[in-house]
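Asks: First the structure, then my questions, so here it is.
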Amino acid sequence: MRVIFLMLLVTYAGSCIAQDPHFSQFYSSPLTLNPAFTGKFDGNFRFAGNYRNQWPSIDHAYETGTASVDFPIFRNKISYRDTWGMGFMAYTDKSSNGAVSYNYFSASTAFHKGLDEDGYNQLGVGFQATYSNMLINTSKLFFEDQLTPTGFDPFKPTGEIFNSSTLSSHYVDLNAGLLYTTSTSDKDNYYFGVSVYHITRPKQTFTGALYLLDPRATFHAGGYFPIGETTTLHFSGLYSTQANAHETVLGGAMEFNVTQDEDNPVNFYAGAWMRLGDALIPYIGLEYGQFRLGTTYDINTSSLKTASQSRGGIELSIIYIAKSAGSKGLPCPKF
């Protein structure tokens, strides 16, 4: 079964080779979605962490993790209607049992200009610079001539020759984005954004061959509004395209306020998103005070579902927003 799945995986990867690593919980990884999200939250600083294990039926097929922190700056020097943010992010993506490893470090900044007297309408622009390093451990690679009826034989000789046991490539990249947010009260918020990553089309090279990384464009939108005294509806979606790879994700979640305490709320979230043509993504989340935890599990619905047994990938997220006691700022995007 694993050999069949691996063959299907190789076929699938051929159509997605140009696609960046991505999260099903894109709303919980703001700095990989749009640099213009930098500083766009109600608080003093925000920490976000994400972990994804894709196709767990294959050991360590794809593992992705991020950690980021962002915060507003110059609060006492700019208008209360405006927000200026700064952020930093570390990002790692490993595949093929660690044979291929991408590591990124990013610094971003964004300025959100208030368009009305209360600041309920803001237009933001963000920029992000990224250093990326890619490593290939050739000793962990398997090739077609090592395939046997019982699986891969790592000791079987191949015709592949490498000058080094480790191949590496690195580049510096530039990303940018726009974000428009609007609210009618302190209980709702709506947003629309667009981002472009790899604007400079950085070059990658390993064994003399040169590859240009294609830009990734993402259009995303979402919002929330109350539908009762203790219930709020959240919704969001995105469309992302890079080379010949395309992705559309749509869905939402219900928020149930358990304690009705505005200073230290306990909220429960339940919902689902759909990656069209690929997976159903149920979501469960819990918010306690300044922490929000989320978990999803991709249920594969594409042509790979027979081999993967409909198992796509588990994903975990945590967001911590530090706030001053009693503070209540402008409504901000949440999902």
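Bear in mind that the values in this text are calculations on the coordinates, not laboratory data. For clarity, every value in this text was computed on a predicted model and none was experimentally measured. Don't worry about glycine lacking a Cβ; one is built from the backbone with ideal geometry, like all the others, and counts go over all protein chains shown.
Asks: Using 0.36 nm per residue of separation minus the Cα-Cα distance, give me the extension gain between T241 and F192 in nm, one decimal.
Replies: 16.0 nm
Asks: Summing Lys, Arg as +1 and Asp, Glu as -1, what charge do residues with Cβ under 10 Å from the Cβ of D118 carry, D118 excluded?
Replies: Residues near D118 contribute -2 overall.
Asks: Can you give the local net charge around Y320? Use residues other than it whose beta-carbon is closer than 9 angstrom to its beta-carbon, Lys and Arg +1, Asp and Glu -1.
Replies: Working: positive: R46, R292; negative: none.
Its environment carries a net charge of +2.
Asks: Okay, next question. Using the Karplus curve 6.51 cos²θ - 1.76 cosθ + 1.60 with θ = phi - 60°, work out ³J(HN,Hα) for each residue of the range 245-260 in order, rounded to whole Hz, and write x for Gly and Pro.
Replies: Karplus values, whole Hz, x for Gly and Pro: 9, 9, 9, 10, 10, 9, x, x, 8, 9, 9, 10, 7, 8, 9, 6.
Asks: Fewest Cβ neighbours within 10 Å first, please rank Y197, Y131 accordingly.
Replies: Y131, Y197
Asks: Separate question: Starting with the fewest neighbours, write out H198, H246 ranked by other beta-carbon atoms found within 10 Å of each beta-carbon.
Replies: In increasing order of surrounding Cβ atoms, one gets H246, H198.
Asks: Among residues other than Y269 whose Cβ falls under 9 Å from its Cβ, what is the net charge (Lys/Arg +1, Asp/Glu -1)?
Replies: Every neighbour counted, the sum reads -1.
Asks: Output wanted: per-residue J couplings in Hz (rounded whole) for the range 86-94, from phi through Karplus 6.51 cos²θ - 1.76 cosθ + 1.60, θ = phi - 60°, x for Gly and Pro.
Replies: Ordered by residue, 3J(HN,Hα) equals 9, x, 9, 8, 10, 8, 10, 9, 10 Hz.
Asks: At a Förster radius of 30 Å, what calculated FRET efficiency corresponds to the Cβ-Cβ distance of F219 and Y288, to the nearest 0.05?
Replies: Details: r = 33 Å, r/R0 = 1.08.
E between F219 and Y288, to the nearest 0.05, is 0.40.
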